[in-house]
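Take a look at the structure set out below.
What follows draws every value from the coordinates through simple rules; no lab data is involved. Note that the structure is predicted; figures quoted are calculated from it, not measured. Ideal geometry is used to build each Cβ from the backbone, glycine not excepted, and the neighbour counts take in all protein chains shown.
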Amino acid sequence: MMDRWQYLIVLGACLLITAPLEIFGSGVYRQPMRLLRSVGPVALVFVIWDAIAIAGHVWTYNPRYISGVHVGFEIPLEELLFFVVIPICGLLTYSAVSAILGFVRGRR
């Protein structure tokens, strides 16, 4: 029964683990329009790609591992969230590492 929540749990864990990185640098969540402009276009391209691949039966999603909620064109909610969550985690990591390296280099 827990299987169908695995994808959402992993995405939630990714956000939870990277959330503290917001305190470093200029912040990712503190700049929502910048975040939207960064993640939005790329997520849109991949959602379209996914929709085409699903419609063409190029790939499917095992119903055992997804919630069963679809957001249109048979794209699972988890897949849509993947295209948003993972880039946000990447931006949080990049911003924090850049800020920390800038601080360390400035102290030399």
Taking the Cβ of each residue in Leu36, Leu77 as the centre, tally the other Cβ atoms inside 10 Å and list the residues starting with the fewest. Leu36, Leu77
Output for segment 8-68: chymotrypsin sites (Phe, Trp or Tyr not before Pro) sitting in coil per DSSP, at most 12 other Cβ within 10 Å, listed by number, reads Tyr29, Trp59
Give, as ranges by residue number, the residues of segment 7-30 whose backbone N falls under 20 Å from the point 7 Å along Cα→Cβ of Val69. 7-17
FRET efficiency, Ile23 to Leu77 (Cβ-Cβ, R0 25 Å, nearest 0.05): 0.30
Descending semi-axes in whole angstrom, ellipsoid equivalent of the chain, from the Cα gyration tensor: 32, 16, 10
Test of understanding: what is the full-extension gain from Met2 to Leu44, defined as 0.36 nm times their sequence separation minus their Cα-Cα distance? 12.2 nm
Any idea how far apart Leu16 and Ala99 come out in nm if each label point goes 7 Å out from Cα toward Cβ? 2.2
Once the convex hull of the alpha carbons of segment 1-57 is built, what does its volume come to per residue, in cubic angstrom? 99
Among all helices in the chain defined by DSSP H, which have a length of 20 Å or more along the axis from Cα atoms plus a Kyte-Doolittle mean of at least 1.6? 77-106
